[in-house]
Amino acid sequence: MTYTALYRKFRPLTFEEMVGQEVITKTLKNQIMAGRVGHAYLFSGGRGTGKTSSAKILARAVNCLNPREGEPCNECEICRGILDGSLTDVVEMDAASNNSVEDIRSIREEVNFLPTLAKYRVYIIDEVHMLSTGAFNALLKTLEEPPSHVKFILATTEPQKLPATILSRCQRFDFKRIPNNDIIKRLAIICEQSKIEITNEAMKLIAVLSEGAMRDAISILERCIQDGENQITEEKIRELVGIPKLTYIHSLTKAILGYQIEEAIQVVNQVIDEGKEINHFLWETIKYIKDLLLLKTGVDAVLYNEEEKKQMQSIITEVSKERLLKLIYALSELENDMKWSSQKNILFQVGIIKVCKQEKNEGLEEIEKRINKIENILKQGTSTKNIEQPKQEIPITKPEKSQKPVKKVDETPVQKMQDGNLVPYWQTIINQLKENGKVMLYTNLINSKARKLNDMVIGIEFTDGLTSFRKDSTRKTRKQTRINKIN
Ligand SMILES: [Zn+2]
């Protein structure tokens with residue numbers, strides 16, 4: 001079977017066969033039955049959601065000699081002519097490759113002629129946002145005074161790129177991502193008719209992977225049967241799509257969360273030995289931890305089977321949401337670092353060790369902090385050392401070369417250091433950042449405190465540590481000026 005065979009074979013020929021866009025197809029059918037079809041439509045939505053299929057059905061339905069309840073018969077002379085492409089009254093154009101003024105001008109000249117056989121000339125312009133400015137202007141003129149025998153159906157994945165003048169002249173339909181259940185239902189029909197044996201779990205996985213695009217779902221299905229075997233399991237899909245074995249991802253996550261450096265490295269080495277793309281593996285691990293986090297907040301993990309969900313449950317009962325979040329953050333940073341490295345494997349191994357250690361240290365630090373706090377209460381806060389020691393501090397104002405930011409002065413009494421030097425209006429400054437639309441900076445500073453270190457320098461103290469991302473985002477000179485200005 002060739003690559004697009006299934007896709008072509010199962011392309012919906014009626015609105016009834018369309019999947020997951022009931023509201024749109026019902027409206028269109030009603031318009032056709034009532035004879036109130038508009039002269040220009042805009043079908044917008046993600047790829048594979050049925051825009052072009054709907055456009056083709058609509059083009060036939062308005063021209064069909066024997067329409068049935070708003071549907072084309074697909075059997076009359078006109079329908080067949082459109083289906084096999086012999087009827088020139090329905091024109092399909094891909095704006096990605098025909099986006100010049102000349103392309104649209106030729107349409108403008110054409111529209112003045114009556115259709116040859118059909119009732120309407122229908123122009124389907126796919127990826128219409130790709131038209132050049134000149135072409136848009138030419139199209140607009142046609143849309144402003146369309147001859148009554150012409151209909152336009154524009155389709156786009158990026159409606160925000162269209163000029164308002166075009167948008168205002170079209171009836172717009174937004175195609176939603178197709179729900180997983182609808183994709184599964186359609187896959188079941190396709191598999192049954194094509195004599196493909198497929199498990200429920202496999203269909204579920206395809207639906208999730210296709211992210212609401214029926215076309216993608218069918219193309220995954222196609223790839224699964226290209227080896228000539230008409231049996232599809234979840235494992236086969238994972239292998240084919242290149243999803244690393246979930247057991248590895250699960251083991252690595254468990255090892256990191258359990259501070260088991262040796263176990264973690266063992267998994268990493270296994271993955272490397274199998275020649276798997278390490279970036280991909282890391283990305284899948286991050287996604288897995290994200291799914292753990294979702295599961296912990298009560299969102300069902302649809303991608304996973306019952307067995308896998310049990311494993312996930314066993315992990316999440318023992319960790320906090322905060323810890324999972326922190327881990328996602330740390331691994332994302334590692335992923336970012338790896339992007340630019342030529343020594344990905346080594347960096348990955350070292351990164352995982354670091355994450356394990358960091359995790360462990362932070363755990364210990366937390367305990368240490370608590371002990372200190374209790375100790376402090378016992379001693380009634382008189383002569384103890386500073387409990388909440390600032391982990392790291394970075395100067396906001398650029399100090400003179402010789403003038404290093406004065407860090408913590410040891411001999412300063414604890415009380416004085418905390419109260420006397422804390423910048424009291426820091427929260428107001430942070431809030432102003434948000435009001436001024438500097439959301440990124442705001443979110444980075446939200447849990448921070450500021451201390452005056454000397455007349456020139458104040459230090460920002462992050463209660464939950466200074467990540468390199470934060471370092472970057474607060475160090476940029478422009479942002480420093482911004483903080484200074486508000487200050
Ligand atoms: Zn027909």
Point to revise | Inter-residue pairs, beta-carbon under 6 Å, first in a strand (DSSP E or B) and in region 141-169, second small (G, A, S), 6+ apart | key: F152/A40; I153/A55; A155/A55; T156/S44
Review point. E192 fails exactly one of the following numbered conditions: (1) surrounded by fewer than 19 Cβ atoms within 10 Å (Cβ to Cβ); (2) in contact with a helix residue (DSSP H, G or I) (Cβ under 6 Å, 6 or more places away or on another chain). What is the number of that condition?
Key: (2)
Revision key, fill the gap. All-but-one check, G46 against (1) within 26 Å of I178 (Cβ to Cβ); (2) of a type outside the set (A, V, I, L, M, F, W, C); (3) within 13 Å of the ligand (Cβ to nearest atom); (4) surrounded by fewer than 22 Cβ atoms within 10 Å (Cβ to Cβ), failing number (3)
Exercise for review: Kindly establish whether T25 is of a type outside the set (K, R) and either at pLDDT 95 or above or within 16 Å of the ligand (Cβ to nearest atom) (or both).
Suggested key: yes
**Study point:** Y41, sole failed condition from (1) assigned to a loop (DSSP other than H, G, I, E, B); (2) at pLDDT 95 or above; (3) more than 9 Å from the ligand (Cβ to nearest atom)
**Key:** (1)
Check your understanding: If you take the residues of region 56-90 that are near the ligand (Cβ under 10 Å from one of its atoms) and among the β-branched types (V, I, T), which of them is nearest to the chain's Cα centre (by Cα)?
Key -> I82
Check your understanding: Restricting attention to region 69-81, does a residue exist that is surrounded by 15 or more Cβ atoms within 10 Å (Cβ to Cβ) and free of Cβ contacts under 8 Å to residues at least 12 places away in the same chain?
Key -> yes
Point to revise | Flag for I32 being within 16 Å of the ligand (Cβ to nearest atom), outside any strand (DSSP E or B) and of a type outside the set (G, A, S) | key: yes
Check your understanding: Does I124 satisfy being at pLDDT 95 or above, away from the ligand (no atom under 16 Å from the Cβ) and of a type in the set (A, V, I, L, M)?
Key -> yes
Check your understanding: Condition test on G242, is it within 20 Å of the chain's Cα centre (by Cα) and more than 29 Å from E22 (Cβ to Cβ)?
Key -> yes
Practice item. Go through region 97-121 and count every residue that is surrounded by 18 or more Cβ atoms within 10 Å (Cβ to Cβ) and either among the charged types (D, E, K, R) or outside any loop (DSSP other than H, G, I, E, B) (or both). Key: 4
Revision key, fill the gap. Those residues of region 315-334 which are over 20 Å from P244 (Cβ atoms) and part of a helix (DSSP H, G or I) amount to I316, K321, E322, R323, L325, K326, Y329, E333
Review point. When you go through G212, G228 one by one, which is the residue that is surrounded by fewer than 15 Cβ atoms within 10 Å (Cβ to Cβ), at pLDDT below 90 and either assigned to a loop (DSSP other than H, G, I, E, B) or assigned by TED's automatic domain parsing to the domain that holds V302 (or both)?
Key: G228
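The values are calculated or read from the model by the stated rules, or taken from the named source; none is laboratory data. Note that this is a predicted model, so its numbers are computed, not measured. Cβ: placed from backbone, ideal geometry, glycine included. Neighbour counts: every protein chain shown.
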